[in-house]
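Novice: If you scroll down you'll find the structure; I have some questions about it.
Read-outs: derived from the displayed coordinates by stated rules, not from any lab. Every value quoted in this text rests on a predicted model; they were computed, and no experiment measured them. Cβ atoms come from the backbone with ideal geometry, glycine included; neighbour counts cover every protein chain shown.
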Amino acid sequence: MTTKTTFLGLLLGASALGYGQTILYDKMSNAYSGNIIQSAWWSPDGSDYDVYTWDDFTLSADSTISEVWWRGGNAITGNGGISGFSIRFYESITGGFQPKITALPENETPADYLKGYDVSGTANETAIPGTILSEYHYALPTSLTLKANTKYWIKIVANMGTFPFWGPTQGTGAGSDGQCFRYFTGGPYFQYGSGDIAFQLRGTSTVPEPTGVVTLLIGGAFALRRRFKRA
């Protein structure tokens, strides 16, 4: 095999990095505090206690989201009482300071959000020992491709058969700004809330991960150097 062919193989291998399932966006750091940000509605008819919460995110590369992870709990009754979740993705309004909302959450149709998913059951709920929190994850039945460097919003809402006091816990991570956006049915009114919600987006990136490419090329360079010395 020639040196040129060997180096070409390294480049092709480098270009393949980043296409495996990976964490595309992460705000689940420090997510064990138990600071619940309510986001739930009382199924099936709703109530004045319902609260809907959005949080923003920006991806560093064009990406395809295939799985959502989050952490949360019920500050009043502990775990339990969840019959499902709704996960919605939104574009931003001009300026990017809030989600593009064209209908009140309880009256939304698919035309009012970018993409939506309805989760039956408890989304692989796993209790976190020593806390009132659980971890959840859901594989999207159809993936969602989003652009890089564009602010989007996610809303995760629990369907409750009792008082809707579940919510995601507060988290931190890349892009954290210490606030979320909320709608209170009992107002009704919208407002900014304190804290980012704890969630992760997983999937594939359409560009190579820079650190992976650099690592591979450096390793390849050393291998070629050793080959030249032996020659």
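Novice: By a straight-distance test (C-alpha under 12 Å), which aspartates and glutamates pair with LYS115 as possible cross-link partners, with residues fewer than eight away in the same chain excluded?
Specialist: Answer for LYS115, where 12 Å is the Cα cut-off: GLU91, listed by chain and number.
Novice: What is the Cα convex hull volume of the range 106-176 when expressed per residue in Å³?
Specialist: On the way: hull volume 10.8 nm³, N = 71.
Spread over its residues, the Cα hull of the range 106-176 gives 152 Å³ apiece.
Novice: Kindly state, to the nearest 0.05, the FRET efficiency for HIS137 paired with ALA103, given R0 = 30 Å and r defined as their beta-carbon distance.
Specialist: After rounding, the FRET efficiency stands at 0.60.
Novice: Quote the FRET efficiency, to the nearest 0.05, computed for SER83 versus ASN149 with a Förster distance R0 of 41 Å and r equal to the Cβ-Cβ distance.
Specialist: Values: r = 37 Å, r/R0 = 0.91.
So, using R0 = 41 Å, E works out to roughly 0.65.
Novice: Taking a cut-off of 27 Å, what percent of all Cα-Cα pairs in the range 21-206 are separated by more than that?
Specialist: Pairs farther apart than 27 Å: 19 percent.
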